[in-house]
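Following: one structure in structure tokens, then a few remarks.
The values are calculated or read from the model by the stated rules, or taken from the named source; none is laboratory data. Quick caveat: nothing in here was measured; it's all calculated off a predicted structure. Neighbour counts are summed over all protein chains in view; Cβ atoms, including those assigned to glycine, are modelled from backbone coordinates with ideal geometry. To get the accessible areas, we keep the full protein, side chains included, count just its heavy atoms, and leave off ligands, DNA and RNA. Shrake-Rupley method; radii C 1.70, N 1.55, O 1.52, S 1.80 Å.
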Amino acid sequence: MSAVDWAALFVSILTIISCVAMGIKWLVKHYLSELKPNSGTSMNDKINRLEIRVDEIYRLLVDK
């Protein structure tokens, strides 16, 4: 293999690795945005509402 072939191989491998890294970065960014509170529509807000409801149910059961 000539130097040009090695350079082409190196660039192609580097391109594939960078595409995978950018895809992972995009996924992490969007999954983490779901965990931040944003006035009621995020997963974090929904979980917090469910925890409050479960606590109310426990209080009702203990009072009886």
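Round to the nearest 10 and give me the degree value, 0 to 90, for the angle of helix 43-63's Cα axis relative to the longest principal axis of the chain.
The two axes meet at around 30 degrees.
Just to verify a number: FRET efficiency for Asp45 and Ala21, C-beta to C-beta distance, R0 = 30 Å, to 0.05?
It comes to 0.50.
Between the helical axis of 3-34 and the dominant principal axis of the chain, each derived from Cα atoms, what acute angle in degrees is found, rounded to the nearest 10?
Result, in degrees: 10.
With a probe of 1.4 Å, find how much accessible area the chain has per residue, and write the answer as a whole number in Å².
Here the residues of the chain average 93 Å² of exposed surface.
Tell me, Kirkwood radius of the chain from alpha-carbon pair distances, in Å?
By the Kirkwood definition, the hydrodynamic radius is 16.0 Å.
For the chain, which whole percent of the accessible surface, found with a 1.4 angstrom probe, sits on carbon and sulfur atoms?
Of the solvent-accessible surface of the chain, carbon and sulfur hold 71 percent.
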